[in-house]
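Enquirer: I am attaching a structure below and will ask some questions about it afterwards.
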Amino acid sequence: QVQLVESGGDSVQSGGSLRPSCATPGSTFSTSSMGWFRQAPGKGREGVASLNRYGDTKYADSVKGRFTVSQDRAKNLVYLQMNSLKPEDTAMYYCAAKATSSLVLDPAAFNYWGQGTQVTVSS
């Protein structure tokens, strides 16, 4: 089973910024779309953002205007730029991949997953 690798999570104060990244196997592992998800203790996994191979994006209402998903194809990396962070953004953040290019935020639609990176936002 192929897994992705997230990094860049940290502890930050309210209003701060973070930019976690997701590393893929590279040219030997091609996908049609990527997604970012988060899960807080005792809660279900929530879709945050998605990006397909054509550069189209979709965001959850809770992060619109604050988060931006992007990719560096040369480095085989996908980023999640997070600005104006709030305590309610605190969660384990996961990246995922699927074979179709449709922009969805349903975790059940994704086939390959990373192990997560922790983001903690304090008041």
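Enquirer: Multiply the residue separation of Q115 and Q3 by 0.36 nm, subtract the distance between their alpha-carbon atoms, and state the gained length in nm to one decimal.
Expert: Length gained, Q115 through Q3: 39.6 nm.
Enquirer: What are the principal axis extents of the Cα atoms in the stretch 51-98, in Å, biggest first?
Expert: Result for the stretch 51-98: principal-axis Cα extents of 33, 19, 19 Å.
Enquirer: According to a simple spin-label model (label point 7 Å from Cα along Cα-to-Cβ), what is the distance in nm between L77 and S123?
Expert: For S123 paired with L77, the spin-label model returns 3.5 nm.
Enquirer: Could I ask something else about it? Taking only the Cα atoms of the stretch 14-71, how large is their convex hull per residue, in Å³?
Expert: Looking at the stretch 14-71, the number lands at 116 Å³ per residue.
Enquirer: For the chain, place one equal point scatterer on every Cα, skip the solvent, and apply the Debye formula. What is log10 of I(q)/I(0) at q = 0.10, 0.12 Å⁻¹?
Expert: Here the Debye-derived log intensity ratios amount to -0.26, -0.38.
Enquirer: Let me ask you something else. Go through the stretch 7-115 and name the chymotrypsin sites (Phe, Trp or Tyr not before Pro) that are in a DSSP coil and have 10 or fewer other Cβ atoms within 10 Å of their Cβ.
Expert: Qualifying residues, ordered by number: Y54.
Enquirer: Still on this structure: Normalised by the residues of the chain, what does the relative contact order come to in percent, with Cα pairs under 8 Å and at least six apart?
Expert: Value for the chain: 38 percent.
Enquirer: While we're on this one: Carbon and sulfur: what percent of the stretch 50-123's accessible surface (1.4 Å probe)?
Expert: 46 percent
Enquirer: Would you work out which of V69, A40, A97 lies farthest towards the positive end of the dipole of the stretch 34-103? Charges go on Cβ: Lys and Arg +1, Asp and Glu -1.
Expert: The residue sitting most towards the positive pole is A97.
Enquirer: Something else now. Can you give the charge dipole size of the chain about its Cα centre, rounded to the nearest 20 debye, using +1 on the beta carbon of Lys and Arg and -1 on the beta carbon of Asp and Glu?
Expert: Here the size comes out at about 160 debye.
Enquirer: Excluding same-chain residues fewer than 8 positions from K58, which lysines have a Cα within less than 18 Å of its Cα?
Expert: K98
The values are calculated or read from the model by the stated rules, or taken from the named source; none is laboratory data. Given the structure is predicted, the values throughout are model-derived calculations rather than measurements. So basically every Cβ, Gly included, is an ideal-geometry build from the backbone, and we count neighbours across all protein chains shown. For accessibility, only protein heavy atoms count, side chains too; no ligands or nucleic acids. Shrake-Rupley method; radii C 1.70, N 1.55, O 1.52, S 1.80 Å.
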